[in-house]
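Rule-based calculations on the coordinates, nothing more; no lab input. Keep in mind that what you see is a predicted model, and the values were worked out from it rather than measured. In this analysis, Cβ positions are derived from the backbone assuming ideal geometry, glycine residues included, and neighbour counts consider all displayed protein chains.
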C-alpha cells in the first residue's frame, strides 16, 4: 500500500503523480474504517481528500500554514502529517483529537472546532508574517457553510482592504459539479493563473497608476472591467468587489488540476486570492454521499450497511423537536429557529410539519438570537435551539437584545455539559457561568423527559421575559425517584427526588441520576441520603434549599458544568452564613479545558461519577455520620 509508505509530507512529495489517485482511495478506505469503529466527522473529511493531498504536495508545510475552518475535515491532513498510526485512536480518551490541535502537531497551525474563524486567523498570521519580514504562504480552507458566518465576512472585508498575500480555498460542497466547470473556464483559469499573464497584469497596473491625475481613475475602471469580463464566465463578483482576486470554480476531486492551479496561485504574490473548488461530501462512500448530513458527525457504524451500531433510543434533542412540533400545531405563534443544526437539535420534524414557521439562519448564532428578539416583540413565541458551546457566540445578543428589553425569547441550550468525543471546543460547560448573572433571564435544567416536556409546555405560555432551558447530549435516561405521571412544573422550586437524614445532595439536570446512584452506594454503608433536584437555576429556591440543609447533617452540590460561576457557588453565596459550614464540597469541573473521551470516562477522571461522589462524601464526613449513628443507636438500646 502506498499509504503505509507515508510517514510525513516529505514522503508524499516524493511520490510519482500517477500514484496520487491511488493514495486518495487508500486514504478514504482508512478514514472509513477508523470512523466506522470510533465515530467522527465522516462526510466532510471524505470530501477533501484530493484537496488535502494537493495542498501538502504544493505547499511546504508546516513552514507554510494551512488553516482549516472548523477542522472537522482534517482527517486526511492528520494521516499525511505523521499521525497515520495514531489515527486509529481518533477521539478516544488519551488518543488524537478529531480537530486540529497545536499541541498535537506543528502541522496544526491553530486549534479549531467552531466555524468561520479561519479567515481572521489567516489575516492575523499574514500580517504578523509581513511585519516580521518573514517569507511563507498562508492558506485558509473554508467551507460554503462557514462562509455564512458573519465573522467570515468581517475578515473578508479587511483582507480585501489590507491586501496581504493570502490564499483562500472556498470548499463548496453543497452542490454537484456545476455546469460552468468545463473546458472554457478551465482554459481561462490556466490563463489567468499563468506567470506571463500575471507579470503583464501587475506591470501594466503599476504603469497606469503612475500616470498623473488620471492614473487611479483608469486603474479603477480597468479593474472593474476585468472583474466584469471574468464574471461573464465565472462567479465571484462579491470577492472581486471586496478586493480579493477570484479564481474558479474548479473540480475539487481532479487532483492534477488542483496541483496545477495551486502551483500557479502560489507564484502570484500581489495580494489576496480566492480559489473556489467544488467537492462532494461523503465522496467515495455511497451511504455518506446519499445522506451527508447523517454522516456529518456519526457514532460507530457498520461499514457494509452504513447503519449505526448503537441501539436507538429517543434523544433529548429529538424529544424537544417532537414536543415543540406538537405544541406548534395548536399554537400558531410558536416559531423554531436553529443556526445550521437542524438535525443535531432535533428540529427536522418541526420543519417537516410546520415549514413556514421554521427558520435555519445558517452559522449565525448572534443573528439567530436577535432575529428571535424581533419576533418576540411582535407577539410571537420564538424557540431558539443552539448547542451550549455555540451559544457562547451570542452572549452580547442575549444580554443587549433580549434580556435588557425583557423580551420572551425561549433559548434551548442543547448539549449542555460534557459532550464527549469532540473535546475541548465542544464541551458545553460555560453556559451557567455566562448567563446566571444576566437580569430578567430565567434558567432551568430538567433532569428527565417528564420534566423537560413540562418545562417546554410552561415556556410556551411564559411571556414575562426570556427563558433558558439547558439539557444534555444523548439518549433519554430513566431516572428513578420520579413519577412517570404528568410532572407539574413549579418555577423557582426544588424537587425532592429522595428523602434522607444524613447527607443532602443538591444536583442539577442530568447529575440527578448520578446523585441517586451515589445515594444507593452510601445506603450500603448505612448513610441516609436526601437527593434534591435543583431544577431552577434562576430563580433559585433559597428557602427550599435552606430547609433541606437544616434537615440533614451536611450537604454537597454536583453539576455538569464548571465549578467557577456554577450553581454550587450560587447556593453558597445565597444561603444563610451559618448553613455554609455544613457544605462538604462543590462537585463540578475544574478550571481547565476538558479533553475528549466518552462521557463516563470524563466523569470518572474528574470525580463526578457515583463511586467518586460517594467515596468523597465518606472521606469528608462518613466517619462523623457513622459515629453519630452509633451513639444514637446506643442511646436507643439503653
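For residue 293 and residue 308, calculate 0.36 nm times their separation in residues minus their Cα-Cα distance, and state this gained length in nm to one decimal. Before the final figure, lay out each step's value.
Values: separation 15, 0.36 × 15 = 5.40 nm, distance 1.40 nm.
Additional length available on full extension: 4.0 nm.
When ranked by the protection proxy of mean other Cβ atoms within 10 Å per residue, highest first, what sequence do the peptides 378-387, 14-23 form?
The densest-packed peptide leads the list: 378-387, 14-23.
Please compute the length gained on full extension between residue 270 and residue 360, using 0.36 nm multiplied by the number of residues separating them and subtracting their Cα-Cα distance.
Full-extension gain reported as 28.6 nm.
With an 8 Å cut-off on Cα pairs and a minimum separation of 6 or more residues, tell me the relative contact order of the chain in percent.
11 percent
Could you work out the relative contact order of region 1-156? I mean the mean sequence separation of Cα pairs under 8 Å and 6+ apart, divided by the number of residues, in percent.
Relative contact order comes out at 24 percent.
Would you indicate which of [x] 49; [y] 45; [z] 55 is the value of percent of Cα pairs over 35 Å apart derived from the coordinates of this structure?
[x]
Ranked from highest to lowest mean number of other Cβ atoms within 10 Å per residue, what is the order of the peptides 332-341, 50-59, 398-407, 598-607?
Ranked from most to least packed, the peptides come out as 50-59, 332-341, 398-407, 598-607.
List the relative contact order of region 495-637 as a percent without decimals, with contacts defined as Cα pairs under 8 Å and 6+ residues apart.
Dividing the mean separation by the residue count of region 495-637 yields 26 percent.
For region 495-637, just say rounded, prolate or oblate: build the C-alpha gyration tensor, square-root its eigenvalues into a ≥ b ≥ c, call rounded for a/c under 1.5, and beyond that prolate if a/b exceeds b/c, oblate if not.
Here region 495-637 falls in the oblate category.
Roughly how many whole Å is it from the C-alpha centroid of region 60-77 to that of region 93-109?
Result: 11 Å between the Cα centres.
Per residue, how big is the convex hull around the C-alpha atoms of region 290-440? Give it to me in cubic angstrom, could you?
Taking the convex hull of the Cα positions in region 290-440, it is 120 Å³ per residue.
Could you list 89, 536 in order of exposure, starting from the residue whose Cβ has the fewest other Cβ atoms within 10 Å?
Working: 89 15, 536 23.
With the fewest neighbours first, 89, 536 line up as 89, 536.
Give the shape of region 373-472 as rounded, prolate or oblate, defined through the alpha-carbon gyration tensor: a ≥ b ≥ c are the square roots of its eigenvalues, a/c under 1.5 means rounded, and otherwise the shape is prolate if a/b is larger than b/c and oblate if not.
Details: a/c = 2.08, a/b = 1.34, b/c = 1.56.
Oblate, because a/c is 1.5 or more while a/b does not exceed b/c.
Using Cβ contacts closer than 10 Å as the measure, can you line up 453, 85 from fewest to most? It would help to have the intermediate numbers written out before the result.
Numbers: 453 20, 85 10.
Ascending number of Cβ neighbours within 10 Å: 85, 453.
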